[in-house]
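Q: Encoded as structure tokens, here's the structure I'll be asking about.
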Amino acid sequence: MVSAYLESRPATNIVLLDWSNMSHGSYLVNAARNTKKVGAAAAEHINNLIESGLPIEKLHVIGHSLGSHVAGYLARDLKNRYNKTVKRLTALDPAFPAFYPDGVVMDHVTDKDAEFVDVIHTDAGGYGAPVRTGTVDFWPNGGKSIQPGCPRFAPIPLSDDNLCSHWRSWRFYAESVRNPTAFPASPADSYHKFRENPTPEVGMVYMGVDCDTSARGSYYLTTNGESPFGKGIEGIYYKSKNSTGTQ
């Protein structure tokens, strides 16, 4: 994602948060619980940058998996402690265990954390959140594993093959930075209704970096199984692609 920004949008300033020392050990005891501490610490430093001249209206907070919840805590602390509201927060397949159902162990990222929260689900119910959690939620290929092109048998937890669907979220986002129109998405109440929709272009928005911040609800699309993942406008016409045998 960093490479995509620096190659395609070189005027972008990027701040990376390395919290690896606080994510070691037990997922529940260490990593999940430390998302709140890390978010608070990051919020303090981001607030210092804002006080030093960083325009908050240009701040875009992005996180993947547990990082999505760190982003949520960061934005929440900026609002509650420093009276500063993040304009946009992007959550890429936010981590499921310990965060859903709501507050089971920790609080998950929500649409209240920033003015606009867009979420990309690619492993819903596995490593990723199984429910809507943003202002707008995108569900490529239904939002669940197995995403097209990922191994159907990957029994070793946290292996590259096992994480393939979970990682698709940031791969899709990175591609959108290079090609903002790669992922048109159609509004629908479910993947089934999306597949049956004869006019999927109505209300269409783009998933990824240039997402329309007026979008609300759930959006669906299909993708390719390898890079480039984006199908362009063909990605919202499920029936026509299915009938050609390329879905």
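Laboratory data are not the source of any read-out in this text; all were calculated from the coordinates shown. These numbers come from a predicted model, not from an experiment. Counting neighbours? That spans all protein chains shown, and the Cβs are built from the backbone with ideal geometry, glycine included.
Q: Which residues, counting only those in the range 69-93, are crowded, with 20+ Cβ neighbours inside 10 Å and either in a loop (DSSP other than H, G, I, E, B) or among the charged types (D, E, K, R) (or both)?
A: ARG76, ASP77, VAL86, ASP93
Q: Name the single residue, out of those in the range 43-59 being aliphatic (A, V, I, L, M) and not in a helix (DSSP H, G or I), that is surrounded by the most Cβ atoms within 10 Å (Cβ to Cβ).
A: The extreme case among them is LEU59.
Q: Looking at the range 204-221, can you tell me whether even one residue there is under 17 Å from the mean Cα position of the chain (by Cα), of a type in the set (S, T, N, Q) and under 16 Å from ASN141 (Cα atoms)?
A: yes
Q: Mind checking which pairs have a first residue in the range 4-22 that is acidic (Asp, Glu) and a second that is surrounded by 11 or more Cβ atoms within 10 Å (Cβ to Cβ), Cβ under 9 Å, 6 or more apart or different chains?
A: Matching pairs, first to second residue: GLU7/VAL177; GLU7/ARG178.
Q: Additional query: Which count do you get for residues in the range 94-114 that are under 16 Å from CYS211 (Cα atoms) and surrounded by 24 or more Cβ atoms within 10 Å (Cβ to Cβ)?
A: Of the range 94-114, the ones under 16 Å from CYS211 (Cα atoms) are 111, 114.
Within this subset, residues satisfying the condition of being surrounded by 24 or more Cβ atoms within 10 Å (Cβ to Cβ) are 114.
Total satisfying the criteria: 1.
Q: Here are some conditions: (1) out of contact with any His (no Cβ under 9 Å at 6 or more places or on another chain); (2) within 27 Å of PRO97 (Cβ to Cβ); (3) charged (D, E, K, R). LYS36 meets all but one. Which one does it not meet?
A: Checking LYS36 against (1) out of contact with any His (no Cβ under 9 Å at 6 or more places or on another chain); (2) within 27 Å of PRO97 (Cβ to Cβ); (3) charged (D, E, K, R), the one that fails is (1).
Q: How about the range 198-218: which of its residues are assigned to a loop (DSSP other than H, G, I, E, B) and buried (at least 20 other Cβ atoms within 10 Å of the Cβ)? Before the answer, list the steps.
A: Narrowing the range 198-218 to residues assigned to a loop (DSSP other than H, G, I, E, B): 198-204, 207-216.
If the condition is that a residue be assigned to a loop (DSSP other than H, G, I, E, B) and buried (at least 20 other Cβ atoms within 10 Å of the Cβ), then PRO200, MET207, GLY208, VAL209, CYS211, ALA215 are the ones that fit.
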